[in-house]
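**Student:** This is the structure, below, for whatever I ask next.
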Amino acid sequence: MKYDMIEVTRNGAVATIQFDRPKALNALCTEMMVEVADALAKLEADNVIGCVILTGSDKAFAAGADIKEMQNNSYMDIYKSDVFEKHHEAVARFRKPIIAAVSGYCLGGGCEVAMMCDFIIASDTAKFGQPEINLGVMPGMGGTQRLTLAIGKSKAMDMCLTGRMMDAEEAERAGLVSRVVPLDDLLTVAGEAAAKIAGQSHPIAMMTKETINASFEMSLTQGLRYERRLFQSMFTTDDQKEGMTAFVEKRKPHFKHK
Ligand code: HXC
């Protein structure tokens, strides 16, 4: 896959999408997000791929939506635009597991896109923030909602109202990121996690992700019923038979992804 603003690489069942707009600290311009959405659509349709990593550079995962692109927009421009729903939200709609590997600045829309991923692995140099208030706006791609779900009201209010950044250690303490690793190890650790996920049954991993995400939308009773029904449905799959048989036979499972 050849793109201008992102690099897509593959290693077995894992694909990595890397933002590649270094001069603008990977600010998420329309063209870049169109490319991300296109790459994700192709990777979702690709039966070999079981997990995706979304990453940036050492200096910046992404410093936000592109301020220069938005600066002169009118209300109607921004209201009529389908860029955010169609392209940025493609990350949230992606059905296979996707990990954000974050180093450096992860701000505004960058933090919002990272939070659309299933989990965030951060380098010890990562800095997270929702600084939109400094620009006379507020988060517009899920920051007020996903950040609050991730770290709770008090810290989300603090981040969105002061516009301050938090370092990786604070982000881990707050539950925004799942692990913090030395910068040099970031892609290795993310790659190992992605390979582990991609080595499982792909449809079962997809259903697991779907069920965890459902917990944000449903009451506990509905969520438990949803989990139970999907769990039961897994007994129709070859991979459930293989996984349990392999355990009993004391060998590694060979999942066929069906
Ligand atoms: C466009 C950006 C950018 C952005 C950085 N750049 N962030 N361009 N949009 N979000 C550009 C700068 O203009 C500059 O270009 C180059 O990248 C390097 O940035 P510097 O500021 O010179 O770097 P530095 O001094 O190291 O400061 C890094 C920084 C700062 C702290 C990350 O760049 C910064 O505060 N950026 C904005 C962060 C932000 O407010 N993000 C939220 C955006 S709004 P030139 O050409 O001058 O060299 C948003 C809303 C989402 O995300 C919701 C949408 C619905």
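**Student:** Between the DSSP loop rule and a limit of at most 11 other Cβ atoms within 10 Å, which GluC sites (Glu not before Pro) in region 197-258 are left?
**Tutor:** Values: sites: Glu210, Glu217, Glu227, Glu242, Glu249; in loops: Glu217, Glu249.
Counting only loop positions with at most 11 other Cβ atoms within 10 Å, the GluC sites (Glu not before Pro) in region 197-258 are Glu217, Glu249.
**Student:** Could you give the nm distance between label points at Tyr79 and Met218, where each point is 7 Å from its Cα heading toward the beta carbon?
**Tutor:** 3.6 nm
**Student:** Over the C-alpha atoms of region 102-221, what are the Rg and the largest Cα-to-Cα span, Dmax, in Å?
**Tutor:** When restricted to the Cα atoms of region 102-221, Rg and Dmax are 15.2, 46 Å.
**Student:** Starting from the Cα of Ala150, step 7 Å along the direction of its Cβ; do the same at Lys68; then give the gap between the two resulting points in nm.
**Tutor:** 2.7 nm
**Student:** Measure up Lys23/Lys59; Lys196/Lys252; Lys68/Lys153; Lys42/Lys258; Lys196/Lys256; Lys127/Lys153 against 22 Å on the Cα-Cα distance and list the ones that go over.
**Tutor:** The answer is Lys68/Lys153.
**Student:** Starting at the first residue of region 117-128, write each ³J(HN,Hα) from the Karplus equation 6.51 cos²θ - 1.76 cosθ + 1.60 with θ = phi - 60°, in whole Hz, x for Gly and Pro.
**Tutor:** Result, rounded to whole Hz: 6, 6, 7, 10, 9, 10, 7, 5, 9, 5, 9, 10.
**Student:** A follow-up question, please. Give me the percent of DSSP beta bridges within the chain that run antiparallel, rounded to the nearest 5.
**Tutor:** Roughly 30 percent of the DSSP beta bridges within the chain come out antiparallel.
**Student:** Taking amide H atoms as placed 1.01 Å from N in the peptide plane, list the residues 5 or more away in sequence, or in a different chain, whose amide H sits under 5 Å from that of Ala65.
**Tutor:** Leu28, Gly109, Gly110
**Student:** Quick check: at a probe of 1.4 Å, how many percent of the accessible area of the chain sits on carbon and sulfur atoms?
**Tutor:** 56 percent
**Student:** Same structure again: What number, rounded to the nearest 500 deg cm²/dmol, is the helix-based mean residue ellipticity at 222 nm of the chain, given -39500 (n - 2.57) per DSSP H run of at least four residues and division by all its residues?
**Tutor:** Result for the chain: -13000 deg cm²/dmol, rounded to the nearest 500.
**Student:** Between His254 and Ala45, what is the label-point separation in nm under the 7 Å Cα-to-beta-carbon projection?
**Tutor:** 3.0 nm
**Student:** Would you mind computing the Rg to Rh ratio of the chain from its alpha-carbon coordinates, Kirkwood style for Rh?
**Tutor:** Working: Rg = 18.9 Å, Rh = 19.2 Å.
Ratio of gyration radius to Kirkwood radius for the chain: 0.99.
**Student:** Contact order normalised by length for region 1-64, with contacts defined as Cα pairs under 8 Å and 6 or more residues apart; what percent is it?
**Tutor:** It rounds to 42 percent for region 1-64.
**Student:** Which ³J(HN,Hα) values in Hz, rounded to whole numbers, follow from the phi angles of region 220-231 under the Karplus curve 6.51 cos²θ - 1.76 cosθ + 1.60, where θ = phi - 60° and Gly and Pro get x?
**Tutor:** With coefficients 6.51, -1.76 and 1.60, one gets 4, 4, 5, x, 5, 5, 4, 4, 4, 5, 5, 4 Hz.
The values are calculated or read from the model by the stated rules, or taken from the named source; none is laboratory data. Keep in mind it's a predicted model, so treat the numbers as computed, not measured. When we count neighbours, we look across all protein chains shown, and the Cβ atoms used for this are built from the backbone with ideal geometry, even at glycine. Ligands, DNA and RNA are excluded from the accessible area calculation, which covers all protein heavy atoms including side chains. Shrake-Rupley method; radii C 1.70, N 1.55, O 1.52, S 1.80 Å.
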